[in-house]
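For reference, the structure is listed below as structure tokens.
The values are calculated or read from the model by the stated rules, or taken from the named source; none is laboratory data. Given the structure is predicted, the values throughout are model-derived calculations rather than measurements. Cβ sites come from the backbone with ideal geometry, for glycine too, and all protein chains shown count toward neighbours.
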Amino acid sequence: MDTILGIDGGGTRTRASLVAGDELIAYAENGSIKRLRVGAEAAEDNLRVLLKEVFAQTGPVRVRAASCGVASAAMPGITEWITAVFKDFGVERSEVVGDEVIALDAAFQGGPGILQIAGTGSNTIGRAPNGNRETAGGWSSRLGDEGSGYWIGLNAVRRALIAYDREQPTEVLRRVGEIWGTPTVDELVNVGDGTPAPDFAALAPAINELAETGDPVAVEVVRQAAMDLVAFVLLVRDKLRRKHNIAGEIPVAWTGSVIEKMKLVREPFFAGLHAAAPEMPVHDEPVVSLDGALWRARRLAS
């Protein structure tokens, strides 16, 4: 009976599961292993601590295969250092792929479909029946990632500053000031424009709360986030149908805290897709990306 390891390295946290046959024998969570977010040293420390905790739950175990999905997997050196850590823990075979890959496989297990990711960052990936992929968005927090938690936090501050200049009502700057410890607008701007930049994604829950109370700036931002996510899905759908001669509808899955936890994004997201493509199947529940890593590890072990 093969034991396999799956790892989901998201932008905020990393999750790992050990499975023997069909039985989950260990599970643990730790901080991000995304180097661009936490730095190379912290990323490796987080991975090693995570694996130590997982293996401590089982005792000595032979891991036949591991699949790790992590943001920025294609960057130089990422695969090499994660593979080296796996070897230190006795993993026999392993792969490192993008976090979008394991999420796509969690939803469709190698088959065709469209996946909308909307968490700390955002990305939209579609896969044709022949395995070819089409994408939209996902161009990093600084250059894109529309509809993501980072985008929501950043653009709420930007639009709140515009509202401040126009003397329009909003509680966004006051609430962000509480979170950042900046009692004046000048101090807030200094923090927001600082190097390194603050974690704008961490502001998203507060912006969502303000939107639910009707704050005009917060409402505008979350509505735009939903519209952008819908537009990305429809763009990828169009690419798949046009470039890969797909006649029928393509199923849509989604994952990430922005859609899952923000009602004012989730409901317009579903409604917008249904209005544009009434026959397009859309998953009711979020994809669990870690399931995709385990599915891939199982295939790697066979």
Legend entry - Yes/no for Ile259 being assigned by TED's automatic domain parsing to the domain that holds Val176, modelled with pLDDT of 95 or more and out of contact with any Gly (no Cβ under 8 Å at 6 or more places or on another chain): yes
Legend entry - The listed residue being at pLDDT below 95, of a type in the set (Ser, Thr, Tyr) and more than 19 Å from the chain's Cα centre (by Cα), out of Thr184, Thr195, Thr170, Thr213: Thr195
Inset, instruction - Starting from the stretch 259-279, keep only residues that are farther than 19 Å from Val221 by Cβ, then list their pairs with residues that are not in a loop (DSSP other than H, G, I, E, B) and not hydrophobic (A, V, I, L, M, F, W, C) whose Cβ atoms are within a distance under 8 Å, requiring at least 6 positions of separation or different chains. - result: Ala277/Arg237
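Kindly establish whether Thr170 is farther than 25 Å from Gly126 by Cβ and either without any contact (Cβ under 8 Å) to a residue 24 or more places away in the chain or not assigned by TED's automatic domain parsing to the domain that holds Leu264 (or both). Quick ask: steps written out before the conclusion?
Details: farther than 25 Å from Gly126 by Cβ: yes; either without any contact (Cβ under 8 Å) to a residue 24 or more places away in the chain or not assigned by TED's automatic domain parsing to the domain that holds Leu264 (or both): no.
It is false that Thr170 is farther than 25 Å from Gly126 by Cβ and either without any contact (Cβ under 8 Å) to a residue 24 or more places away in the chain or not assigned by TED's automatic domain parsing to the domain that holds Leu264 (or both).
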Legend entry - Flag for Leu24 being farther than 23 Å from Arg142 by Cβ, of a type in the set (A, V, I, L, M) and either buried (at least 21 other Cβ atoms within 10 Å of the Cβ) or touching a His at 6+ places or on another chain (Cβ under 8 Å) (or both): no
Legend entry - For Ala226: the one exception among (1) among the hydrophobic types (A, V, I, L, M, F, W, C); (2) free of Cβ contacts under 8 Å to residues at least 60 places away in the same chain; (3) buried (at least 22 other Cβ atoms within 10 Å of the Cβ): (2)
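Could you tell me which residue of the stretch 262-302 is farthest from the chain's Cα centre (by Cα), considering only residues that are acidic (Asp, Glu) and outside any helix (DSSP H, G or I)?
Initially, the stretch 262-302 is screened for residues acidic (Asp, Glu), giving 267, 279, 284-285, 291.
Adding the requirement that they be outside any helix (DSSP H, G or I) leaves 279, 284-285.
Values: Glu279: 26, Asp284: 18, Glu285: 15 Å.
For the stretch 262-302, the residue satisfying everything is Glu279.
Working only within the stretch 126-173, note down all residues that are outside any loop (DSSP other than H, G, I, E, B), of a type outside the set (S, T, N, Q) and under 22 Å from Pro251 (Cα atoms). Lay out the reasoning, then the answer.
The initial filter retains those residues of the stretch 126-173 that are outside any loop (DSSP other than H, G, I, E, B), namely 126-127, 133-136, 140-143, 149-165, 172-173.
Those left that are additionally of a type outside the set (S, T, N, Q): 126-127, 133-134, 136, 142-143, 149-154, 156-165, 172-173.
Gly126, Arg127, Arg133, Glu134, Ala136 - these are the residues of the stretch 126-173 that are outside any loop (DSSP other than H, G, I, E, B), of a type outside the set (S, T, N, Q) and under 22 Å from Pro251 (Cα atoms).
Within the stretch 174-260, which helices (runs of 4 or more DSSP H) (wholly inside it) include 3 or more residues that are closer than 29 Å to Ile114 by Cα and of a type in the set (Gly, Ala, Ser)?
Numbers: elements: 185-192, 204-212, 216-243.
Hits in the stretch 174-260: 216-243.
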Inset, instruction - Determine which member of the set Val54, Val49 is exposed (fewer than 15 other Cβ atoms within 10 Å of the Cβ) and in a helix (DSSP H, G or I). - result: Val49
Inset, instruction - Give just the number: which of (1) within 29 Å of Val233 (Cβ to Cβ); (2) without any contact (Cβ under 8 Å) to a residue 40 or more places away in the chain; (3) surrounded by 14 or more Cβ atoms within 10 Å (Cβ to Cβ) does Gly192 not satisfy? - result: (1)
Legend entry - Among (1) in the same structural domain as Ser140 (by TED's automatic domain parsing); (2) modelled with pLDDT of 95 or more; (3) surrounded by 15 or more Cβ atoms within 10 Å (Cβ to Cβ) - the single one Asp291 does not satisfy: (1)
Inset, instruction - Sort through Ser67, Ser122, Ser148 and tell me the only one that's farther than 25 Å from Asp228 by Cα, buried (at least 23 other Cβ atoms within 10 Å of the Cβ) and hydroxyl-bearing (Ser, Thr, Tyr). - result: Ser67
Inset, instruction - From (1) of a type outside the set (Phe, Trp, Tyr); (2) crowded, with 17+ Cβ neighbours inside 10 Å; (3) in contact with a Phe, Trp or Tyr (Cβ under 9 Å, 6 or more places away or on another chain), pick out the condition that doesn't hold for Glu260. - result: (2)
Inset, instruction - Report whether or not Ala43 is assigned to a helix (DSSP H, G or I) and buried (at least 23 other Cβ atoms within 10 Å of the Cβ). - result: yes
